[in-house]
Amino acid sequence: MRTAIYPGSFDPITLGHLDLIVRAKKLCDRLIVAVLVNPGKKYCFNAEERVELINKSLRNVPGIEVKTFSGLLADFVQAQNADFVVRGLRTVEDFESEKAMAWANEKLSPQLETVILLTKPELSYVSSSLAKQIAMFGGDLSAFLPQSAVDETLNRLYNKH
Ligand code: PNS
């Protein structure tokens, strides 16, 4: 059984993340969406809320687990007996950081493989941070976030700055 881990902040989950999850699931038997909990980072949604938003968006996608992790991704991958990590690549800028991350993880855990999936071109503009900026001003989030995350994000951010 092949297990893959798709790690990220998911603050909140976007349409780009959702597309990656569906595509990554086709490459493995078990996919764990791993939500990073970093006490040093300020999130818009806490870990439980981020997990809930992912679960709500995945209602029609069976066979996917959503878990939180803290500390090193390499340790979490080992603890889950996973075969590989999946990450998405949107832009050239992403390439440099994803390459550094994959190499760092490979140094920490030499058997750890990272599989990079290219984001669909029509979703390459999508990011959680852009969605949050738009939400602060009450903009239309339907091209950025799954419908189930739109209202929660607007409620959290619109007119709160
Ligand atoms: O959604 P993001 O913020 O791009 O995800 C980044 C993430 C969570 C994959 C990355 O920051 C991570 O794996 N953090 C855990 C700490 C770690 O293992 N760092 C060393 C390798 S980069």
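The values are calculated or read from the model by the stated rules, or taken from the named source; none is laboratory data. What you see is a predicted model; the values in this text were computed from it and never measured. Please note: Cβ atoms are built from the backbone with ideal geometry, for glycine as well, and neighbour counts cover all protein chains shown. The protein model used for the area step is the full one, side chains on, heavy atoms only, and it has no ligands, DNA or RNA in it. Shrake-Rupley method; radii C 1.70, N 1.55, O 1.52, S 1.80 Å.
Just a few scattered comments:
- Accessible area per residue in Å² at 1.4 Å probe, computed on region 3-122: 52 Å²
- Approximating the spin labels as points 7 Å out from Cα along Cα→Cβ, the V61-to-M1 distance works out to 2.0 nm.
- Spatially close lysines, pair count over region 36-154: Cα under 27 Å, gap of eight or more or interchain: 20
- Spin-label zone in region 1-43 - amide nitrogen under 13 Å from a point set 7 Å from the Cα of A79 along the C-beta vector: 34-38
- Estimated FRET transfer efficiency when R0 is 41 angstrom, pair S109-M136 (beta carbons, to 0.05): 0.60
- The chain: Rg to Rh, with Rh as the Kirkwood radius over Cα pairs: 0.95
- Theoretical gain in end-to-end length, L72 to K42 [0.36 nm per residue, Cα-Cα removed]: 9.0 nm
- Region 67-161: chymotrypsin sites (Phe, Trp or Tyr not before Pro) in DSSP loop, at most 13 other beta carbons within 10 Å: Y125, F137
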